[in-house]
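Each remark here refers to the structure printed beneath this line.
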Amino acid sequence: MKKLLKRHETYVFAIIIIFGCIITSINPNFLTLENAFDLLKSNAFIGIMAIGVLFVLISGGIDISFAATATIAEYVTILVCLEIGGSMLFAFAFAVLIGIALGAVNGYLIDRFAIPPIITTIATMNLYYGLLIVFTKGRWIYALPPYFRSFADIRVLTLYTENGLPYGISIITVIWFVLMILSSLLLVYTRLGRSLYALGGDYVSAKRVGIPVRSIRVFVYAFMGAMAAIAGIVQALLVQTVAPNSIVGKELNVIAAVVLGGASLSGGVGTVAGMFLGVMLLAIVQNGMTLMRVPAVWYDVFVGIVVIVSVGASSYKAKKSKATSVIDIQEKDSTTCDALQAQGGKQ
Amino acid sequence: MKALKFKKNETTVLIGILVFAILIMIIVNPGTFLTSTNLRGMAFQLPELGILTLGMMVVMITGGINLSIIATANMAGITAALILKSMEASPVLGFLLAFLACIAVSGSIGLFNGVLVAYIGITPILATLGTMTLFNGVAIVITKGYVISGFSPLVLYIGNGSLLGVPFPLLIFIFSALIMSVILGKTRTGFSMYMIGSNSIATKFSGINNAKVLIKTYLISGLFSGFAAMVMISRFNSAKSGYGNSYLLVTILASVLGGVNSDGGFGKVSGVVIALVTLQVLSSGFNLLRVSSFLTTAIWGFVMIAVMVINHIIDTNKKVVV
């Protein structure tokens, strides 16, 4: 099982390498540190939301409302910061609080009233986003607090191009990586993290084993909210303007990226490393198309093909391996969970 | 018996909310809500969303979901529009060809979804997410993002004309709803769809060819997108990729509001029609009040949560919950 799980990530990695080779052979600019750092910076926003989505998917749920949450957290925080001054740390903390509150509402509705996650979050997405636009009247914010610009320009490592232009690892990339490392540790080494897998693997068993199902579900959606909020602030740092409609509509792309990285929509499966590769795969497809001078109109076509082919290949393999008997599926699924948990314990 | 009672209750809640919504709208819009202009406006707006929702519900009954309905409709609409534009010399023949092409394109996309779900075994939400992105992309490539507009009166009649005083799109919607309820209620395939949604392993062992039924389901869903496409291009008098994207999640909302279980197995056309009318009443009523359409969206979301909570409370009180 361990090998099989590992294989999925190597799979995605292999596809990335192949794409990388093709792109580099056409435009050598792809394989430069500058481009790599740039990719890691500009995709931090998607990547941070993807961490939250990963948690939700592992727990066996789904969240469509996170883009709305991210926008609200971003917009309200910046309004407050403009009003009272504040600092970068305050901005992050305040946004995270908003995110947690909005996410916890999702989690509570889902658990207390047994509403399917997809329905709850579509409903709250409409609710949150609708109210946001009504109150903001869809206005953009162009003048951010000055510390947003200075913070966004911080580099942890600075290099210079031949022309003397500076580039390097942005603080935004660092935030993304720190969050990924922390959440990876949380998933693998803590009781909470293991409970997430247990919950996603088999809800009823998890409940019977004595896992506090309600608080964990509320936690998962609140965590999603927190990640969305951080992503919202990161988005503001990246583009230096706030538009109420700039994030909503991207939610399905983020879910697709996480699933490409090996997380399953039926829960219980997924790793942070896989998620990272999934996000990077879509990022590289987009970046590569720009570098290969493919017209931008083709982007969706390629992403669609990548999603269908890669998800199709793994689904077809899974289907073949359990095609013999239907009863086997059930048994295999439960052993998968056991193996996962056992493996988690070993790591 | 228990299940029957519980379902009855759900419909009662739904009708209650509809009546409540209508009453409120009459009170806050005295003299404007119950006018023929407003009612006709509603009758013209409802069908697009309505037909798309029927395409969504049939898939949800089997326990799946079809995120590609809007992309399918746009793709079919664009194909039809291209044919209409190139055959402007002979409008009738052009119209027939365009209609056939529209149905063929939407049917093939539906079939493609069905194959991905039934034979390749991709989870419906991912398979249709993939085809949604793919065909949105193809539509953009074909049109280069531009609008194709300006059709013959024959085409415009579909979305804007009236037959004996009844808006023509409403007739199409009623017709589609009837077809859907016959498929779901009276045919073997329809029955199998409900059963697959309830327990696909049981259907497999009862000798139902799950794959075949699923393929038919997605094919039907695609065809309904095709019908919606004809209404859409006629009402907008144009075709473009990305039209009606905001309908996607609303169709899921309307289906669930109408009592379709998102895990599959339950749901009736009548419930979905009531839900659609409720949403339309809310949106038209707020429109008369000159409230932002986004507040309407927010209220749709709120109504959705309220209905689910009420249903859950009824459920627990009746102790029908397993």
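Tabulated results
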read-out	value
Residue pairs meeting the criteria (Cβ under 8 Å; at least 6 apart or on separate chains; first under 17 Å from B:I22 (Cβ atoms), in the stretch B:285-313; second in a loop (DSSP other than H, G, I, E, B))	B:G285/B:N29; B:G285/B:F33; B:L288/B:N29; B:L288/B:T32; B:L288/B:F33; B:L289/B:N29
Criterion: over 24 Å from the mean Cα position of the chain (by Cα) and free of Cβ contacts under 8 Å to residues at least 24 places away in the same chain - qualifying residue of B:V92, B:V141	B:V141
Single residue of A:G130, A:G168 found to be in contact (Cβ under 8 Å) with a residue 24 or more places away in the chain and of a type outside the set (S, T, N, Q)	A:G168
Within the stretch B:290-313, considering residues that are closer than 17 Å to A:V134 by Cβ and of a type in the set (G, A, S), the one surrounded by the fewest Cβ atoms within 10 Å (Cβ to Cβ)	B:S293
Answer residue from the stretch B:113-123, given it is crowded, with 24+ Cβ neighbours inside 10 Å and touching a residue at least 24 places away in the same chain (Cβ under 8 Å) and is farthest from the other protein chains (Cβ to nearest Cβ) among those	B:G114
Qualifying positions in the stretch B:124-139 - among the β-branched types (V, I, T) and facing another protein chain (nearest Cβ under 9 Å)	B:I125, B:T131, B:T133, B:V138
Check on B:F224, surrounded by 23 or more Cβ atoms within 10 Å (Cβ to Cβ), of a type in the set (F, W, Y) and within 14 Å of chain A (Cβ to nearest Cβ)	no
Subset tally (residues that are modelled with pLDDT of 80 or more and farther than 17 Å from A:I118 by Cβ) for the stretch B:245-271	4
Residue list for the stretch B:297-308, filter: more than 7 Å from chain A (Cβ to nearest Cβ) and under 20 Å from the mean Cα position of the chain (by Cα)	B:I299, B:V303, B:V307
B:L100 over 25 Å from B:Y218 (Cβ atoms) and either basic (K, R) or modelled with pLDDT of 85 or more (or both)	no
Looking only at the stretch B:274-289, and only at residues there that are buried (at least 22 other Cβ atoms within 10 Å of the Cβ) and within 16 Å of the chain's Cα centre (by Cα), the one that is nearest to B:I314 (Cα to Cα)	B:A275
Residue among A:V188, A:V174, A:V156 that is under 28 Å from A:K41 (Cα atoms), among the β-branched types (V, I, T) and modelled with pLDDT under 85	A:V156
Out of A:L131, A:L102, A:L109, sole residue that is over 23 Å from the mean Cα position of the chain (by Cα), within 14 Å of chain B (Cβ to nearest Cβ), modelled with pLDDT of 85 or more and under 30 Å from B:V256 (Cα atoms)	A:L131
Close pairs (7 angstrom Cβ cut-off, 6 or more residues apart or separate chains): within 8 Å of another protein chain (Cβ to nearest Cβ) in the stretch A:246-261, of a type in the set (V, I, T) and surrounded by fewer than 24 Cβ atoms within 10 Å (Cβ to Cβ) anywhere	A:V259/A:V311
Condition broken by A:N106, with the remaining ones in (1) in contact with an Asp or Glu (Cβ under 8 Å, 6 or more places away or on another chain); (2) under 18 Å from A:A231 (Cα atoms) satisfied	(2)
Top-ranked residue in the stretch B:150-191 [being of a type in the set (S, T, Y) and in contact with a Leu (Cβ under 8 Å, 6 or more places away or on another chain); ranked as surrounded by the most Cβ atoms within 10 Å (Cβ to Cβ)]	B:S176
B:L276 being within 19 Å of A:L127 (Cα to Cα), outside any loop (DSSP other than H, G, I, E, B) and away from every other protein chain (no Cβ under 13 Å)	yes
Contacts under 9 angstrom Cβ, first residue in the stretch B:164-175 being closer than 12 Å to B:M42 by Cβ, partner of a type in the set (K, R) and part of a helix (DSSP H, G or I), 6 or more apart	B:P167/B:R40; B:P169/B:R235
Elements of type helices (runs of 4 or more DSSP H) in the stretch A:1-77, at least 1 residues being surrounded by 23 or more Cβ atoms within 10 Å (Cβ to Cβ) and among the small types (G, A, S)	A:44-58
Residue in the stretch B:51-65 that is of a type outside the set (A, V, I, L, M, F, W, C) and out of contact with any helix residue (DSSP H, G or I) (no Cβ under 6 Å at 6 or more places or on another chain) present	no
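The values are calculated or read from the model by the stated rules, or taken from the named source; none is laboratory data. From a predicted model like this one, the values you see are computed outputs, not experimental measurements. FYI the Cβ positions are ideal-geometry reconstructions off the backbone, even for glycines, and counts take in every protein chain you see.
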